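Worksheet for the structure shown next.
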Amino acid sequence: MLKKSSLLLLALFLVASVFVPATLAEEPVRISVLNYFDLTSPGAERELNEVWYEFSIRNPHIIVEREDLFLEPFHQKTEAYAAADRLPDVIYMWPGGRSTSLHTLGLVKDLRPLLGDDAQYYQEAVLAPQAGGYLAELPQTMTSSHALYVNLPLLESLGLSMPKTYEELVEMVPVLQANGLDTILMGAQDDWVIQSCLFSMIVGRLVGDDKLNEILAGEAKFTDPEFVSALEFYAQMYEDGVLHRKIMQTSYAEVNGLFATGRAPFMIDGDWKVSNFLTDQTTGEALIPVGRQHEFMMTIFPAIPGEINTASSSGVVGVGFGMNSKIEAGSAKEAAAWELIKWLQGPEVQKMRLETAGTIPSRVDVTSDQLEPLVVERIRYYEDILVTTEVIDNIFEGEVYTPINIGLQEIGLGFATPMEVAQRTQEAFDDWFARQ
Amino acid sequence: MKRVAHWWTEERRAYLLLVLPAVAVYWAVMAFPTVFSFILSLTSYNGGPIFNNPNIQLVGFTHYIRMFKDQYFWISLKNNGLIMAVSVFGQIPLGFLFAYVIHRKLVRFGDFFQTIIYLPCVISTIIVGRLWQSFFSPYGPFTEFMQKLQPGWENELFFDPNLAILPVLFVILWMYTGTYMIIFLANLQKIDPALIEAARIDGATEWQVLIRIMLPALSGVIVTACILAISGSLKSFDLLYAMTGGNPARRTSVLALYMYDNAFRHSPKYPLANAISVFMVLLSFALILMVRFTEAKFGGRE
């Protein structure tokens, strides 16, 4: 009898142990995430472990279904999801640019009400309204789309020093050519690179944001002398030998190795490029080893003749994650998605990004004592910038900046003149403006 | 009632039972998307829900006119033409030549050559594209090799709008010739060896065997290969996407890439992208009909 009752008790205990915790635990919530992620970057493993795996450990009731994509495939998938009206619950976004339609069509929520008192932990500038006039994504950083990377020992070995003006840069070209070196490297096979990393800076220097905003309002034109002069200066860079047409045959990834191995003393790219040179934690290897990183400098392009903004660079509030506007307010799904977004911009994750990619934190409470020299250099580089101007693809719609992107390559190849590109861009703008 | 019963025979029921699933699948995955794509190309649809969307209007052939006015459409079409020419007049003759040489045992180690010629087909197209992109890079092995031969040589292959597509054409030839070789090899093995032996006994030369026996016997296969080459050329996308992305300045773009750019790159222009896809379908039909006509007029009998 005793044996039977013991068995019954044991069975009851087993059944209870299976069902009771499940009923007491929170109901699992599934959220889909479209993430922008370079799996080949040196910090990839830390990101997987310290960001995504750690979140699932801390929040067992939230099941994250993540899709990782990088560069063009990411943007194309985003457009496809938006067109099909099937945007994921949480999505990696830009404050404008390629994500403009997500903002302007209201496909993502205003995060400011959800942020509440936590706003105190963020720099005021990063919480400014974005392309749709509201806080559509919680930025992780400020980003400069233009940086001039310099190989200092290479310059010194040729008896050259950092140019302060464009004319000084031009004077270096014959010396570099005589030594079989290029002047400036760019991985500009993809057409966005020149516009984003170089031409936006030139426009900032020679045209200025006020004029760009006038163009955007339809009160000025791309064919006005200021904008055409920016295109002409860019064309002049090829004639002066500062840029070579080879940049358009160099892929975005290939340029990293070329710069690290000293094929030219300068490289132009966004400040995010730093992450490609840092130590890969899984292998302990780096394109530029820690011991050599102090030999490289980040700064801005030298003074351009006729510039109205001195020491300026183009930049935007950084990327971050937004939330699908279709998620019901006050629902468990909204709470779960917000939990993830908060975590992704939380102090632990921003510290990890600072250490692995040199990403300048958008929070005021993040710092680290484990920074590689190039990350420290990236932070210092911001001291060189006196004025931050707009990035063209951040303020104009795709159909307006696409003729600029292609046109910049055509100018470099000699297929189009600056005025022809300006006219084509104006025509595209007029078409777009007429529909607004 | 009697007529219905007469029509509804067991034979017809069996016929419908066998055919309907295939027709339904074909309609769902081929015919319906094509017709739907044509309808979308006549509208102003630009994202969001398709049904009950008040912003969608019929705009006629506006997008087709826009497509024909766009210089990048003509650049892409020209590149598709070049790829097609390389496929039909490069891959097929070369594939046949390799197959013939191996089948007739005109070289030793036939199996070895068969393997190495076919090998590129089993490598992922994206990897092939990346590899050749590195090879033809201004800092890559091709440039270094040329500079050894001619010091100071600058790799400007991609800068001349007429030459930019050349490296891509070379890779296409290298990559897909093996497929046609295998097709021809398989069909050559079906030709009765006694026929060739008899011709040789009658004093036919190798050339006469090729022209009078092999080629007529394979005319149907050649037509099939041409159709495969034409359709393959029109849908060229992955290799170009990986190798050049259609750049510099869209000079290596093709229709599929041009369509993709308009649909997914930068701002979406779905009706224009649909117009391009409809044009591609019509072009495929026209070219395949042309091949059929040529075969009917000049082809031999198997």
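Could you count how many residues in segment A:106-133 are away from chain B (no Cβ under 14 Å) and in a loop (DSSP other than H, G, I, E, B)?
At the first step, the residues of segment A:106-133 found to be away from chain B (no Cβ under 14 Å) are A:108-130, A:132-133.
Retained after the next criterion (residues that are in a loop (DSSP other than H, G, I, E, B)): A:109-111, A:123, A:128-130, A:132-133.
The total comes to 9.
Working carefully through the options A:Leu371, A:Leu386, find the one that is surrounded by fewer than 20 Cβ atoms within 10 Å (Cβ to Cβ), more than 14 Å from every other protein chain (Cβ to nearest Cβ) and farther than 30 Å from A:Trp52 by Cα. Steps first, please.
Details: A:Leu371 fails: farther than 30 Å from A:Trp52 by Cα.
Of A:Leu371, A:Leu386, the one residue that is surrounded by fewer than 20 Cβ atoms within 10 Å (Cβ to Cβ), more than 14 Å from every other protein chain (Cβ to nearest Cβ) and farther than 30 Å from A:Trp52 by Cα is A:Leu386.
For B:Phe51, state whether it is outside any helix (DSSP H, G or I) and out of contact with any strand residue (DSSP E or B) (no Cβ under 7 Å at 6 or more places or on another chain). First the steps, then the outcome.
Numbers: outside any helix (DSSP H, G or I): yes; out of contact with any strand residue (DSSP E or B) (no Cβ under 7 Å at 6 or more places or on another chain): yes.
Judged against the criteria, B:Phe51 is a match.
Can you pull out the residues in segment A:304-344 that are farther than 30 Å from A:Glu372 by Cβ, assigned by TED's automatic domain parsing to the domain that holds A:Thr165 and under 25 Å from the mean Cα position of the chain (by Cα)? I'd like the intermediate steps shown before the answer.
Residues of segment A:304-344 that are farther than 30 Å from A:Glu372 by Cβ, as a first pass: A:304-310, A:322-339.
Now narrow it down to the ones that are assigned by TED's automatic domain parsing to the domain that holds A:Thr165: A:304-310.
Those that are farther than 30 Å from A:Glu372 by Cβ, assigned by TED's automatic domain parsing to the domain that holds A:Thr165 and under 25 Å from the mean Cα position of the chain (by Cα): A:Asn309, A:Thr310.
Name the single residue, out of those in segment B:232-272 being hydroxyl-bearing (Ser, Thr, Tyr), at the interface with chain A (Cβ under 10 Å from one of its Cβ atoms) and not in a loop (DSSP other than H, G, I, E, B), that is farthest from A:Gln409 (Cα to Cα).
B:Tyr270
In the set B:Ala242, B:Ala256, which member is among the aliphatic types (A, V, I, L, M), in contact (Cβ under 8 Å) with a residue 40 or more places away in the chain and farther than 18 Å from B:Gly90 by Cα? Full working, then the answer.
Working: B:Ala256 fails: in contact (Cβ under 8 Å) with a residue 40 or more places away in the chain.
Just a single option satisfies the conditions, and that option is B:Ala242.
Go through segment A:213-247 and give me each residue that's touching a helix residue (DSSP H, G or I) at 6+ places or on another chain (Cβ under 7 Å), under 21 Å from A:Ala188 (Cα atoms) and either within 14 Å of chain B (Cβ to nearest Cβ) or not in a loop (DSSP other than H, G, I, E, B) (or both).
A:Ala230, A:Leu231, A:Glu232, A:Phe233, A:Tyr234, A:Ala235, A:Tyr238, A:Gly241, A:Leu243, A:Arg245 - these are the residues of segment A:213-247 that are touching a helix residue (DSSP H, G or I) at 6+ places or on another chain (Cβ under 7 Å), under 21 Å from A:Ala188 (Cα atoms) and either within 14 Å of chain B (Cβ to nearest Cβ) or not in a loop (DSSP other than H, G, I, E, B) (or both).
What do you reckon, is B:Gly178 surrounded by 15 or more Cβ atoms within 10 Å (Cβ to Cβ) and in contact (Cβ under 8 Å) with a residue 40 or more places away in the chain? If you could, list the steps in order and put the result at the bottom.
Working: surrounded by 15 or more Cβ atoms within 10 Å (Cβ to Cβ): yes; in contact (Cβ under 8 Å) with a residue 40 or more places away in the chain: yes.
The answer is yes for B:Gly178.
Within segment A:144-155, identify whether any single residue is among the hydroxyl-bearing types (Ser, Thr, Tyr), surrounded by 13 or more Cβ atoms within 10 Å (Cβ to Cβ) and at pLDDT below 95, and answer yes or no.
So in segment A:144-155, the residues among the hydroxyl-bearing types (Ser, Thr, Tyr) come out as A:144-145, A:149.
Pick out the ones that are also surrounded by 13 or more Cβ atoms within 10 Å (Cβ to Cβ) and you get A:144-145, A:149.
Subsequent filtering for residues that are at pLDDT below 95 retains A:144-145.
Yes.
Restricting the search to segment A:284-329, which residues are among the acidic types (Asp, Glu) and either over 28 Å from A:Val126 (Cα atoms) or touching a His at 6+ places or on another chain (Cβ under 6 Å) (or both)? Before the answer, list the steps.
Initial filter on segment A:284-329 (among the acidic types (Asp, Glu)): A:285, A:295, A:307, A:328.
Those that are among the acidic types (Asp, Glu) and either over 28 Å from A:Val126 (Cα atoms) or touching a His at 6+ places or on another chain (Cβ under 6 Å) (or both): A:Glu285, A:Glu295.
List pairs: first residue in segment A:76-105 and at the interface with chain B (Cβ under 9 Å from one of its Cβ atoms), second residue surrounded by fewer than 19 Cβ atoms within 10 Å (Cβ to Cβ) and in a strand (DSSP E or B) anywhere in the structure, Cβ distance under 7 angstrom, at least six positions apart or on different chains.
Close Cβ pairs (under 7 Å, with a partner that is surrounded by fewer than 19 Cβ atoms within 10 Å (Cβ to Cβ) and in a strand (DSSP E or B)) amount to A:Lys77/A:Leu69.
Any residue at all in segment A:195-204 that is buried (at least 24 other Cβ atoms within 10 Å of the Cβ), out of contact with any Cys (no Cβ under 7 Å at 6 or more places or on another chain), of a type outside the set (D, E, K, R) and within 14 Å of another protein chain (Cβ to nearest Cβ)?
yes
Spot the failing condition for B:Leu287; the list is (1) buried (at least 21 other Cβ atoms within 10 Å of the Cβ); (2) more than 14 Å from every other protein chain (Cβ to nearest Cβ); (3) closer than 30 Å to B:Ala186 by Cβ, and only one is missed.
Here B:Leu287 meets the rest and fails (1).
Could you check segment A:134-177 and list, in sequence order, the residues that are in a helix (DSSP H, G or I) and under 23 Å from A:Ala311 (Cα atoms)?
Going through segment A:134-177, the residues in a helix (DSSP H, G or I) turn out to be A:152-157, A:166-177.
Residues satisfying the conditions are A:Leu152, A:Leu155, A:Tyr166, A:Glu167, A:Glu168, A:Leu169, A:Val170, A:Glu171, A:Met172, A:Val173.
What's the number of the condition B:Lys235 fails, among (1) surrounded by fewer than 22 Cβ atoms within 10 Å (Cβ to Cβ); (2) modelled with pLDDT of 85 or more?
Failed condition: (2).
Taking the condition of being polar (S, T, N, Q) and farther than 11 Å from A:Leu34 by Cβ, how many residues in segment A:57-78 meet it?
In the first step, residues of segment A:57-78 are kept if they are polar (S, T, N, Q); the result is A:59, A:76, A:78.
Narrowing further to those that are farther than 11 Å from A:Leu34 by Cβ: A:59, A:76.
Residues meeting the conditions: 2.
Could you name every one of the helices (runs of 4 or more DSSP H) located completely within segment B:126-217 that has at least 2 residues being more than 13 Å from chain A (Cβ to nearest Cβ) and under 29 Å from the mean Cα position of the chain (by Cα)? Working first, answer last.
Working: elements: B:141-149, B:166-188, B:193-201.
In segment B:126-217, B:166-188 are the helices (runs of 4 or more DSSP H) which contain 2 or more residues that are more than 13 Å from chain A (Cβ to nearest Cβ) and under 29 Å from the mean Cα position of the chain (by Cα).
Would you tally the residues in segment B:100-130 being basic (Lys, Arg) and in contact (Cβ under 8 Å) with a residue 12 or more places away in the chain? It would help to see each step written out before you state the result.
Let us first name the residues in segment B:100-130 that are basic (Lys, Arg), namely B:104-105, B:108, B:130.
After this cut, where a residue has to be in contact (Cβ under 8 Å) with a residue 12 or more places away in the chain as well, the list is B:104, B:130.
Within segment B:100-130, residues that are basic (Lys, Arg) and in contact (Cβ under 8 Å) with a residue 12 or more places away in the chain number 2.
Can you list residue pairs whose Cβ atoms sit under 6 Å apart, with the first residue in segment B:86-99 being farther than 22 Å from B:Asp111 by Cβ and the second being part of a helix (DSSP H, G or I) and of a type in the set (Val, Ile, Thr)? Count only pairs 6 or more apart in sequence or on different chains.
B:Val86/B:Ile172
The values are calculated or read from the model by the stated rules, or taken from the named source; none is laboratory data. Here the structure is a predicted model, which means the values were calculated and not measured. Cβ coordinates were reconstructed from backbone atoms using ideal geometry, including for glycine residues, and neighbour counts include every protein chain displayed.
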